[in-house]
1. Check the stretch 143-151 and report whether any residue there is over 22 Å from Ala32 (Cα atoms) and not polar (S, T, N, Q).
2. Condition first: in contact with a helix residue (DSSP H, G or I) (Cβ under 7 Å, 6 or more places away or on another chain), of a type outside the set (D, E, K, R) and in contact (Cβ under 8 Å) with a residue 12 or more places away in the chain. Now tell me which residues in the stretch 11-32 satisfy that.
3. Which of the residues belonging to the stretch 71-90 are surrounded by fewer than 17 Cβ atoms within 10 Å (Cβ to Cβ), of a type outside the set (S, T, N, Q) and more than 17 Å from Asp151 (Cβ to Cβ)?
4. Which condition number in (1) within 30 Å of Asn19 (Cβ to Cβ); (2) aromatic (Phe, Trp, Tyr); (3) in a loop (DSSP other than H, G, I, E, B) is the one that Trp109 fails?
5. For Ala169, state whether it is more than 15 Å from Ser46 (Cβ to Cβ), at pLDDT below 95 and part of a helix (DSSP H, G or I).
6. Could you identify the single residue in Asp139, Asp128 that is in a helix (DSSP H, G or I), touching a residue at least 24 places away in the same chain (Cβ under 8 Å) and not aliphatic (A, V, I, L, M)?
7. Say we look at the stretch 33-70 and pick out the residues that are touching a residue at least 40 places away in the same chain (Cβ under 8 Å) and aromatic (Phe, Trp, Tyr); which of these is surrounded by the most Cβ atoms within 10 Å (Cβ to Cβ)?
8. At least 1 residues that are among the acidic types (Asp, Glu) and modelled with pLDDT under 95 in each: list the helices (runs of 4 or more DSSP H) lying fully within the stretch 1-99 that qualify.
Amino acid sequence: MPRGGRAAVKAKPTMLTPNMLSQPTVFWLTAAGLGFLRPAPGTWGSAGGVVLWWFFLSGRAWTIQLAIVLMYFLLSWWLCNRLIEQLGIEDEPQIVADEVAGMWLALVWLPQSLGWCLAAFLLFRLADIFKPGPIGALDRNLHSGLGIMADDMLAGGLTALALALAALALA
């Protein structure tokens, strides 16, 4: 028996590892493994979100895109909760489904244009990294799967709003 008279308990993993990619939940939440890339896994996840949007979502009506973002968000939230419960982890940097969802929301109303995509990517990453105002409040105060997802969704929504205002000003 270990010290203290307690039986040894098998420890849960404290972080996700690439050998867990065969698990569908890990595959989904790491955006097919993009979350394992270094440095800056969130940036890799966001870039993957832009590529997926460009090829699969950008040609669809904004209402369809928004419905897809909502479904992706809800499924990712649920999967985050499951993974947290199963592994006892928190907001691991390898989880980048939140960046994908937030990036998609930032792009929903934009034309398929390299300039607008780059602007959305840069604004979204700045908002996600520095977490100003309400984005930071969500990040600090919400926990579980919702906490992982919500701050990035707000960052994506605020990015979309800022770019919509920029487009109006340029028109």
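1. Initially, the stretch 143-151 is screened for residues over 22 Å from Ala32 (Cα atoms), giving 143.
Still in the running and not polar (S, T, N, Q): 143.
Yes: one or more hits.
2. Of the stretch 11-32, the ones in contact with a helix residue (DSSP H, G or I) (Cβ under 7 Å, 6 or more places away or on another chain) are 12-13, 16, 18, 20-21, 25-26, 28-31.
From the residues that got through so far, the ones that are of a type outside the set (D, E, K, R) too are 13, 16, 18, 20-21, 25-26, 28-31.
Passing the criteria: Pro13, Leu16, Pro18, Leu21, Thr25, Val26, Trp28, Leu29, Thr30, Ala31.
3. If the condition is that a residue be surrounded by fewer than 17 Cβ atoms within 10 Å (Cβ to Cβ), of a type outside the set (S, T, N, Q) and more than 17 Å from Asp151 (Cβ to Cβ), then Met71, Leu75, Trp78, Arg82, Glu85, Gly88 are the ones that fit.
4. (1)
5. Working: more than 15 Å from Ser46 (Cβ to Cβ): yes; at pLDDT below 95: yes; part of a helix (DSSP H, G or I): yes.
When the stated conditions are applied, Ala169 passes them.
6. Details: Asp139 fails: touching a residue at least 24 places away in the same chain (Cβ under 8 Å).
Going through Asp139, Asp128 in turn, the sole match is Asp128.
7. The extreme case among them is Trp53.
8. Numbers: elements: 24-29, 41-52, 62-87.
It comes to 62-87.
The values are calculated or read from the model by the stated rules, or taken from the named source; none is laboratory data. Fair warning: this is a prediction, and the values are worked out from it, not measured in the lab. Heads up, the Cβs are rebuilt from the backbone with ideal geometry, glycines too, and the neighbour counts pull from every protein chain shown.
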